[in-house]
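S.K.: Below is one structure. I have some questions about it.
The values are calculated or read from the model by the stated rules, or taken from the named source; none is laboratory data. Here the structure is a predicted model, which is why all the values come from computation and not from measurement. Ideal geometry is used to build each Cβ from the backbone, glycine not excepted, and the neighbour counts take in all protein chains shown. When the accessible area is computed, the model is the full protein with side chains, heavy atoms only, and any ligands, DNA or RNA have been set aside. Shrake-Rupley method; radii C 1.70, N 1.55, O 1.52, S 1.80 Å.
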Amino acid sequence: MKAKTKQLEQRPAKTARLGNALYLIGCIVAAICIATGAITAIVMHNSGGVFDVAFAPIVGGVIAALGLISWLIGRVCRYILSGH
């Protein structure tokens, strides 16, 4: 058991940096998705179409949820690769 713990403590610095880089990319993609979802919902709502107004929150929410998923994937990569 001690050997396993010691092995986990000696993670290479490159692996930790890769985990942090993937997390940063996930955060950037999440921010872009959330902004895109909000803009899409606003534009659809302001277009005045019956279906556009009805489905604006759904479409915006789905795009924002994709951002949440990308953030979670980045977070998991950071946890696995860098041990944070």
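S.K.: Does G19 satisfy the condition of being touching a His at 6+ places or on another chain (Cβ under 8 Å), at pLDDT 90 or above, surrounded by 12 or more Cβ atoms within 10 Å (Cβ to Cβ) and of a type outside the set (K, R)? Lay out the reasoning, then the answer.
M.R.: Details: touching a His at 6+ places or on another chain (Cβ under 8 Å): yes; at pLDDT 90 or above: yes; surrounded by 12 or more Cβ atoms within 10 Å (Cβ to Cβ): yes; of a type outside the set (K, R): yes.
Considered against the rule, which asks whether it is touching a His at 6+ places or on another chain (Cβ under 8 Å), at pLDDT 90 or above, surrounded by 12 or more Cβ atoms within 10 Å (Cβ to Cβ) and of a type outside the set (K, R), G19 comes out as yes.
S.K.: Among the numbered criteria (1) at pLDDT below 90; (2) open to solvent by 80 Å² or more (accessible area, probe 1.4 Å), which one does G49 miss?
M.R.: It is condition (2) that G49 fails.
S.K.: Within the set of pairs 6 or more residues apart or between chains, which connect a residue that is more than 10 Å from Y23 (Cα to Cα) inside the stretch 70-84 to a residue that is in a loop (DSSP other than H, G, I, E, B) and open to solvent by 80 Å² or more (accessible area, probe 1.4 Å) with Cβ atoms less than 6 Å apart?
M.R.: G83/R11
S.K.: Go through (1) open to solvent by less than 90 Å² (accessible area, probe 1.4 Å); (2) among the polar types (S, T, N, Q); (3) modelled with pLDDT under 95 for S70 and report which single condition fails.
M.R.: S70 satisfies all of (1) open to solvent by less than 90 Å² (accessible area, probe 1.4 Å); (2) among the polar types (S, T, N, Q); (3) modelled with pLDDT under 95 except (3).
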